[in-house]
Amino acid sequence: MAKSAKDPFNHVARQLVAAFRGVPDNTPARQIKRPTQSLAPLIEELLLEHRIGRASPEDAIRENWPSLAGHGNAQHSHPGLIDPRGKLTILCSHQIVRTELNFHHATLLARIRALPGCAGIKDLIIRAG
């Protein structure tokens with residue numbers, strides 16, 4: 001039997017009572033019974049951390065990608081994730097598209113920063129993928 005929040009007896013007292021009654025006491029000697037906590041704050045923290053059910057800058061960029069990069073370039077590239085340093089990774093399937101996006105790097109970055117929630121993007125990483 002574990003010690004509950006209302007249990008006035010310590011582990012030694014419970015062992016003595018169990019020995020007197022002839023019932024084994026299976027609770028570990030160093031077990032600390034903590035009060036039960038609600039899962040709601042933990043779940044809310046995980047939802048915020050992983051942006052579940054919330055709009056993210058990546059979603060806004062993906063929705064507007066053809067207008068940002070141009071229709072031809074958008075067919076052969078797609079925006080990836082934003083790293084903690086504020087760099088957006090863009091993956092391109094063709095070298096020509098990668099070169100074109102690198103050429104228009106400053107313009108593309110300014111267009112992305114103009115989107116709602118995307119002002120914190122500091123740079124673009126354009127790579128093959």
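Every number here is computed from the coordinates shown, using simple stated rules; none is lab data. Predicted model, so just to flag it, every value in this text is computed and none were measured. All Cβ positions, even for glycine, are placed from backbone atoms using ideal geometry, and neighbour counts span all protein chains on display.
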C-alpha center-to-center spacing [region 62-83, region 15-38] in angstrom: 60
Amide H contacts of Ile126 (H built 1.01 Å from N, under 5 Å, at least 5 apart or other chain): Ile90
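Loop only by DSSP, 11 or fewer other Cβ within 10 Å of the Cβ. Give me the trypsin sites (Lys or Arg not before Pro) in region 45-112 that pass, ordered by residue number. Don't skip to the answer; put the middle values down first.
Details: sites: Arg51, Arg54, Arg62, Arg85, Lys87, Arg98, Arg111; in loops: Arg51, Arg54, Arg85.
Of the trypsin sites (Lys or Arg not before Pro), the ones in loops of region 45-112 whose Cβ has at most 11 other Cβ atoms within 10 Å are Arg54, Arg85.
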Karplus (6.51, -1.76, 1.60) ³J(HN,Hα), θ = phi - 60°, over region 95-110, in Hz, Gly and Pro reported as x: 5, 5, 5, 4, 5, 4, 5, 5, 5, 9, 3, 5, 5, 5, 5, 5
For region 55-128, the Rg and Dmax computed from alpha carbons only, in angstrom: 11.0, 32
Placed amide H near Gly86: partners under 5 Å, 5+ positions off or other chain: none
Label-point separation in nm, Thr36 to Arg14, each point 7 Å along Cα→Cβ: 1.7
Other-chain or far-sequence residues with amide H under 5 Å of Thr27's (modelled H): none
Read-out log10 I(q)/I(0) by the Debye sum over Cα atoms at q = 0.09, 0.16 Å⁻¹, derived from the coordinates shown; its label in (i) -0.30, -0.81; (ii) -0.49, -0.83; (iii) -0.27, -0.81: (ii)
Most fluctuating residue given options Leu39, Leu47, Leu68, as computed from a GNM of the chain linking Cα atoms under 10 Å: Leu39
